[in-house]
1. Starting from the stretch 257-277, keep only residues that are among the aromatic types (Phe, Trp, Tyr), then list their pairs with residues that are part of a helix (DSSP H, G or I) and modelled with pLDDT of 80 or more whose Cβ atoms are within a distance under 7 Å, requiring at least 6 positions of separation or different chains.
2. Does at least one position in the stretch 262-271 carry a residue that is modelled with pLDDT under 90, out of contact with any Phe, Trp or Tyr (no Cβ under 8 Å at 6 or more places or on another chain) and surrounded by fewer than 16 Cβ atoms within 10 Å (Cβ to Cβ)?
3. Scan the stretch 1-45 for residues that are of a type in the set (Asp, Glu) and part of a loop (DSSP other than H, G, I, E, B) and jot them down.
4. Scanning for something assigned to a loop (DSSP other than H, G, I, E, B), closer than 23 Å to Glu36 by Cβ and of a type in the set (Phe, Trp, Tyr), does the stretch 255-267 turn up at least one residue?
5. Within the stretch 180-199, can one find any residue that is surrounded by fewer than 20 Cβ atoms within 10 Å (Cβ to Cβ) and in contact with a Pro (Cβ under 6 Å, 6 or more places away or on another chain)?
6. Outside any helix (DSSP H, G or I) and over 30 Å from Phe24 (Cα atoms), is that true of Gly222?
7. Sort out which residues of the stretch 235-261 are under 22 Å from the mean Cα position of the chain (by Cα) and either buried (at least 18 other Cβ atoms within 10 Å of the Cβ) or modelled with pLDDT of 85 or more (or both), and write them in order of number.
8. Return yes or no: is Gly214 among the small types (Gly, Ala, Ser) and crowded, with 20+ Cβ neighbours inside 10 Å?
Amino acid sequence: MVRLILASRSPRRRELLTEAGYQFEVILPSEEVEEETLRPGESAADLALRLARQKAADVVRRIASRFQIPPVCPASEQNSATSDQTTATPGQHSAFTEESAAQRISSDQPPVCLIPSEQSPPRLMPLNQSPGARIPADQPPACLPSDQAPTGQGTADPLRFDPVSSGPAGQEISTGPIQAIVIGCDTVVECQGQILGKPADRQHARQILETLSGQEHWVYSGLCLWPLPIGQPQCRVAASRLRMDPLRPDQLEEYLQSGQWEGKAGAFGYQDRLGWVHLLEGSPSNVVGLPLELLAQMLSQMLKPPPKS
C-alpha cells in the first residue's frame with residue numbers, strides 16, 4: 001500500500017485533494033521552511049519550486065529520523081533545480097536548466113508546464129486505478145508527534161518501512177517498492193516581473209491587489225513528490241495565466257473588510273468566485289494552490305511498474 005503524506009499547512013490543498021478523491025495524511029512542515037525569502041536572481045517559478053522542495057524535505061527528514069531509514073535528502077536539496085525538474089511552453093517540453101532558472105519571469109514570458117484545464121484527468125486520479133494504491137484517510141502515520149496529528153480520525157496500521165540493505169558500492173537499496181510519497185507544494189503570484197507572496201497584513205494586501213488591479217498575471221505552483229523509504233524527489237512547476245478586472249475603490253474595501261485575502265498568495269482566492277478574477281489559460285486548481293492535473297501525471301509516472309527485463 002502506497003500512502004500519501006501532504007506536507008502543507010494549507011486547508012485549501014487538503015480540500016482539493018479530498019474533492020479529487022485522494023485519501024491522504026498530513027504532516028505539517030516546520031514554519032521556518034515556509035518563509036518566502038526571495039534569493040538574488042530567483043524567479044517566481046524558482047521560488048515556488050524551492051519552497052515546495054523545502055517543505056517535502058523537512059517532513060522527509062523527520063520521517064527518516066524517526067524510522068532510522070537511510071539518508072533520503074541529497075546534498076543538492078537546497079538547490080532549486082533537480083534532474084527531474086522540467087519547464088515547458090504549451091505543447092512543448094524542455095529541460096529545466098541553470099540558465100533558465102536564473103532568468104526573471106516577466107508577464108509576457110511563456111508559462112512553466114502549462115496544463116490546459118480541458119485536458120484534466122477524470123475526477124478520481126490514477127492512484128486508485130492500481131491495486132493497493134488507495135490510502136484510507138483515517139490511517140494516522142505512527143511517525144507523527146502528538147502535536148502534529150493528521151487530518152482524519154480513527155486508528156489503523158502504523159506507518160512502517162521494509163528493511164533497506166546495502167547494494168553495490170555501499171548503495172542503499174530497498175527490498176520493496178515505494179511505500180509512501182511525501183507531497184510538497186507552494187504557490188507564488190507574479191505580475192509584471194514582481195513576485196507577490198502572501199500578504200503580511202491588511203495594508204500589504206491592499207498594495208498587492210492594487211498591483212494586480214487591471215493586470216494579467218501568472219500563478220506558479222511548485223510540486224515536489226518524494227518517495228520513501230528511498231528514492232529521488234521529482235519536482236515540477238505548473239503555471240496559470242489570469243486577468244484581474246480594474247477594482248473600484250468600493251470593491252477593494254469590501255474585499256479587504258471580508259478578510260478573505262488572509263493567507264493567500266496574491267491576496268485573493270480564485271475559489272472565492274469573486275467575479276473580477278478571470279482564468280485565461282492553465283489549471284484552475286493550480287490557482288487555488290495545488291495543480292491536480294500535474295499531480296496526477298507525476299504520481300502516475302512515479303508509481304508506474306518498472307519494465308520487465
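1. Trp261/Ala205; Trp261/Tyr255; Trp261/Ala267; Phe268/Leu209; Tyr270/Pro284; Tyr270/Val287; Tyr270/Val288; Trp276/Gln251
2. There is at least one residue in the stretch 262-271 that is modelled with pLDDT under 90, out of contact with any Phe, Trp or Tyr (no Cβ under 8 Å at 6 or more places or on another chain) and surrounded by fewer than 16 Cβ atoms within 10 Å (Cβ to Cβ).
3. The initial filter retains those residues of the stretch 1-45 that are of a type in the set (Asp, Glu), namely 15, 19, 25, 31-32, 34-36, 42.
If the condition is that a residue be of a type in the set (Asp, Glu) and part of a loop (DSSP other than H, G, I, E, B), then Glu35, Glu36, Glu42 are the ones that fit.
4. Keep residues of the stretch 255-267 that are assigned to a loop (DSSP other than H, G, I, E, B), which gives 259-264.
Filter once more, keeping what is closer than 23 Å to Glu36 by Cβ: 259-264.
The next check asks that each one be of a type in the set (Phe, Trp, Tyr); those that pass are 261.
Yes - at least one qualifying residue is present in the stretch 255-267.
5. Restricting attention to the stretch 180-199, the residues satisfying the condition of being surrounded by fewer than 20 Cβ atoms within 10 Å (Cβ to Cβ) are 192-194, 198.
Keeping just the survivors that are in contact with a Pro (Cβ under 6 Å, 6 or more places away or on another chain) gives none.
For the stretch 180-199, residues surrounded by fewer than 20 Cβ atoms within 10 Å (Cβ to Cβ) and in contact with a Pro (Cβ under 6 Å, 6 or more places away or on another chain): absent.
6. Working: outside any helix (DSSP H, G or I): yes; over 30 Å from Phe24 (Cα atoms): no.
So Gly222 does not fit the description; no.
7. Going residue by residue through the stretch 235-261, those that are under 22 Å from the mean Cα position of the chain (by Cα) are 235-242, 260-261.
Across the stretch 235-261, the qualifying residues are Cys235, Arg236, Val237, Ala238, Ala239, Ser240, Arg241, Leu242, Trp261.
8. Values: among the small types (Gly, Ala, Ser): yes; crowded, with 20+ Cβ neighbours inside 10 Å: no.
The answer is no for Gly214.
The values are calculated or read from the model by the stated rules, or taken from the named source; none is laboratory data. All values reported here derive from a predicted model rather than from experimental measurement. Ideal geometry is used to build each Cβ from the backbone, glycine not excepted, and the neighbour counts take in all protein chains shown.
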